[in-house]
Amino acid sequence: MLNVRLSQDLLAALIFILIGSSALWFGRMLEPGTSAEMGPGYLPRALGWLILGFGIITMLRSVWIASPRVGGIKLRPILVVMGAVGLFALLVEPAGFIPASVAVVLLSTFGMGRPSLPYLLGQSILLPAALAVVFVLGLGLPFDLWWF
Amino acid sequence: MMDLLNNLAIGFSGAATLENILYAFCGCLLGTLVGVLPGIGVVPTVAMLLPLTFGIDPLSGLIMLAGIYYGAQYGGSTAAILVRMPGEAGSIVTAIDGYEMARKGRAGAALSIAAIASFFAGTVATLLIAGFAPSLAKVAALFHSADYFSLMVLGLTMSIVLAHGSIFKAIAVMLIGFLFGLVGIDINSGEQRFTFELPELWEGISFLAISIGLFGLVEVVRNLEFPEPTLGSIKTSLRDIYPTREEVRDAAPAAVRGTLVGSILGILPGGGAILASFASYTLEKKLSKNPASFGKGAPAGVAAPEAANNAGAQTSFIPLLTLGLPSNPIMALLMGAMMIHGIAPGTAVISDRPELFWGLVASMWIGNLLLVVLNLPLVGLWVKLLTISYKLLFPAIIMFCLIGVYSEGGNALQILLLGAFTLLGYLLSRCNCEPAPMILGFILGPMMEENLRRALTVSEGDYSIFVTRPISLSLLIMAVLLVLAVTLPGLRRSREAVFEE
């Protein structure tokens, strides 16, 4: 459990500021052009400044107007889901669909506390098999089942 | 009138082939199946099942999608009635009286009232689409790029106004979506924007990665974080699916009024099912001779919002199909799907691909019919599904999301983006920011850029073009009025009250 003491508005402001300023930084080489002849950087720059501006105003507002705290974040669910996504991205091409989905399902069974053995085994054997039959063999989605 | 009949005939000849009815059937069945499952709302259902339609031809794909959409909504109201668990905002109101009816042992009647009211509303709304869409498309043909830009501004304003939480944060979230929409090769200059030299990003961020991340996986995380207690067995009698005479007398006029309210609110950009169901419930309560019965199992309290909900859901196709303007996140998803199928929604759909447009309209009616035929006999099955524990489901949901994103482009980088959007969406949800404006900004962003560029090229860089063209000016005034309406104190309170309920 991660207890975030920031207020909701302040966290939102930080996210906006981060995204706005990265847009400005990574888009700095794009040609803005003029209003009559908009270059590729015209809108990215405008949006970057707008998002940054909204972020700063939200931050100032969070000082004046109290908003509730973000509060406790349970780490297990978000880490498990993000981890599952990461595993799939890493494994699906080199190892194939079945190993990747076994890894994903195995990890996700830990999403709701410690899994019992039958639940863990049942999920990680039956689910990948069923998915492979339906999606890859049945619907013909472009997955390789194995690494060979 | 003859035109209308001719057009509908074209539509039915396209949609009523055995193959397409089969697709509509599969769509309805899958949609209901996933919609009924606990903890999965309509938007995630549609987002997850979208990829199933990619392999088939555009008309069949759209027919199946529309089926998934209606099915998911239907499944949502079934869950609302039987266990008071509205899958989405549109069936929150249904849950009030529907569940009370179920507790009185009238669950079967409540379900059939909901189904028949929805079917009636769907039929009327289909006719409305067939009648109005072509004339609206003619109006849309007068639009120049400046007007289109202002129209999209209005659409985005609607999405912001309807989002929960502060309007201020909703605008910022929408702008972020707009920014993400610009990633990839700029079609005008051919230059790469925010691609970090990665060829996988040349075509931009995958629409599925952002929508499945924000709506699908964020929901999984939230459900794991705050698990709902698993339901025990449901003890309601489902044998009497026939409503009594009094129930019919109460429900029938309510369904008609609900259909009207829903159809009107659905056409408004940003309106759609949610607003429609709330408005019609309030209206029925005001008109009723016996307002005290509402909240205690009034059949009118089920019929009106269900009819309104379905009519609104259907007429919200009108702005999408005629103007290319998605009015809510689901329409944004369908628009994304149409673009993946190689169809640009907008005026051109009716004139260039009449068989597609009318086929889709006809399939809406077929889908509604199938739902009634399919669902009432299958209620027993849906009840069993409702009691499945989330613990068994969520690994499969995660896998569906991953397969969906990967199967579109076969691109592992988009999977990593899916993870990034999940994290972003989760953090934003903890800051009380809704993701819907981000999706609309993402979808509309590139089109807005294109229209802005064209309008400003015509006016030689003069921004006054947006206020000198009457169409554009009136659209912008509407947008300003909307923002004023929700920021003015009196109305603001009532808006908050609606979201509190």
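Overview of values
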item: Test: B:Leu198 is in contact with a Leu (Cβ under 9 Å, 6 or more places away or on another chain), open to solvent by 20 Å² or more (accessible area, probe 1.4 Å) and closer than 20 Å to B:Gly409 by Cα; result: yes
item: Residue list for segment B:1-41, restricted to those being under 23 Å from B:Ala80 (Cα atoms) and assigned to a helix (DSSP H, G or I); result: B:Phe25, B:Cys26, B:Gly27, B:Cys28, B:Leu29, B:Leu30, B:Gly31, B:Thr32, B:Leu33, B:Val34, B:Gly35, B:Val36
item: Unique match (being open to solvent by less than 10 Å² (accessible area, probe 1.4 Å) and either modelled with pLDDT of 80 or more or in a helix (DSSP H, G or I) (or both)) among B:Ala311, B:Ala292; result: B:Ala311
item: Filter pass, A:Trp25 being open to solvent by 20 Å² or more (accessible area, probe 1.4 Å), farther than 30 Å from B:Gly190 by Cβ and more than 10 Å from every other protein chain (Cβ to nearest Cβ); result: no
item: Restricting segment B:161-217 to residues that are among the aromatic types (Phe, Trp, Tyr), under 22 Å from B:Glu450 (Cβ atoms) and without any contact (Cβ under 8 Å) to a residue 60 or more places away in the chain, the residue that is farthest from the other protein chains (Cβ to nearest Cβ); result: B:Trp202
item: Answer residue from segment B:409-462, given it is among the acidic types (Asp, Glu) and within 7 Å of chain A (Cβ to nearest Cβ) and is farthest from B:Phe180 (Cα to Cα) among those; result: B:Glu460
item: Enumeration of residues in segment B:395-436 that are under 20 Å from A:Met112 (Cα atoms), of a type in the set (A, V, I, L, M, F, W, C), open to solvent by less than 10 Å² (accessible area, probe 1.4 Å) and at pLDDT 90 or above; result: B:Ile398, B:Met399, B:Leu402
item: Answer from A:Leu47, A:Leu30 - the residue that is open to solvent by less than 20 Å² (accessible area, probe 1.4 Å) and outside any helix (DSSP H, G or I); result: A:Leu30
item: Within segment B:319-359, tally of residues that are open to solvent by 10 Å² or more (accessible area, probe 1.4 Å) and of a type outside the set (A, V, I, L, M); result: 11
item: Complete set of residues in segment A:87-133 that are at the interface with another protein chain (Cβ under 10 Å from one of its Cβ atoms) and β-branched (Val, Ile, Thr); result: A:Val92, A:Val104, A:Val105, A:Thr109
item: Filtered residue count, segment B:290-329, keeping only those that are within 28 Å of B:Thr347 (Cα to Cα) and not hydrophobic (A, V, I, L, M, F, W, C); result: 13
item: Only listed residue being outside any helix (DSSP H, G or I), of a type in the set (Gly, Ala, Ser) and facing another protein chain (nearest Cβ under 7 Å), chosen from A:Ala84, A:Ala66, A:Ala36; result: A:Ala36
item: Tabulated pairs, segment A:39-67, first over 30 Å from B:Asn451 (Cβ atoms), second acidic (Asp, Glu), C-beta under 6 angstrom, 6+ apart or interchain; result: A:Ser62/A:Asp9; A:Ser67/A:Asp9
item: Some residue of segment B:154-167 being touching a strand residue (DSSP E or B) at 6+ places or on another chain (Cβ under 6 Å) and not in a helix (DSSP H, G or I); result: no
item: From B:Leu333, B:Leu356, B:Leu320, B:Leu370, residue being modelled with pLDDT of 85 or more and assigned to a helix (DSSP H, G or I); result: B:Leu370
item: When residues of segment B:438-471 are limited to those that are open to solvent by 20 Å² or more (accessible area, probe 1.4 Å) and of a type in the set (Val, Ile, Thr), the one farthest from B:Gly213 (Cα to Cα); result: B:Thr468
item: Cβ pairs under 7 Å, 6+ apart, first in segment B:1-14 and touching a residue at least 60 places away in the same chain (Cβ under 8 Å) and within 16 Å of B:Leu59 (Cβ to Cβ), second open to solvent by 70 Å² or more (accessible area, probe 1.4 Å) and assigned to a helix (DSSP H, G or I); result: B:Ile10/B:Glu355; B:Gly14/B:Glu355
item: Filter pass, B:Ala479 being aliphatic (A, V, I, L, M) and at pLDDT below 90; result: yes
item: Lone unmet requirement of (1) in a loop (DSSP other than H, G, I, E, B); (2) open to solvent by 60 Å² or more (accessible area, probe 1.4 Å) for A:Ile56; result: (1)
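Matching residues to (1) under 25 Å from B:Asn328 (Cα atoms); (2) touching a helix residue (DSSP H, G or I) at 6+ places or on another chain (Cβ under 6 Å); (3) not aliphatic (A, V, I, L, M):
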site: B:Ala9; (1), (2), (3): no, no, no
site: B:Asn20; (1), (2), (3): no, yes, yes
site: B:Phe25; (1), (2), (3): yes, yes, yes
site: B:Leu29; (1), (2), (3): yes, no, no
site: B:Gly41; (1), (2), (3): yes, no, yes
site: B:Gly55; (1), (2), (3): no, no, yes
site: B:Ser60; (1), (2), (3): yes, yes, yes
site: B:Ile96; (1), (2), (3): yes, no, no
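The values are calculated or read from the model by the stated rules, or taken from the named source; none is laboratory data. What you see is a predicted model, and the numbers here were worked out from it, not measured in a lab. When we count neighbours, we look across all protein chains shown, and the Cβ atoms used for this are built from the backbone with ideal geometry, even at glycine. These area figures cover heavy atoms from the full protein model, side chains too; ligands, DNA and RNA do not enter into them. Shrake-Rupley method; radii C 1.70, N 1.55, O 1.52, S 1.80 Å.
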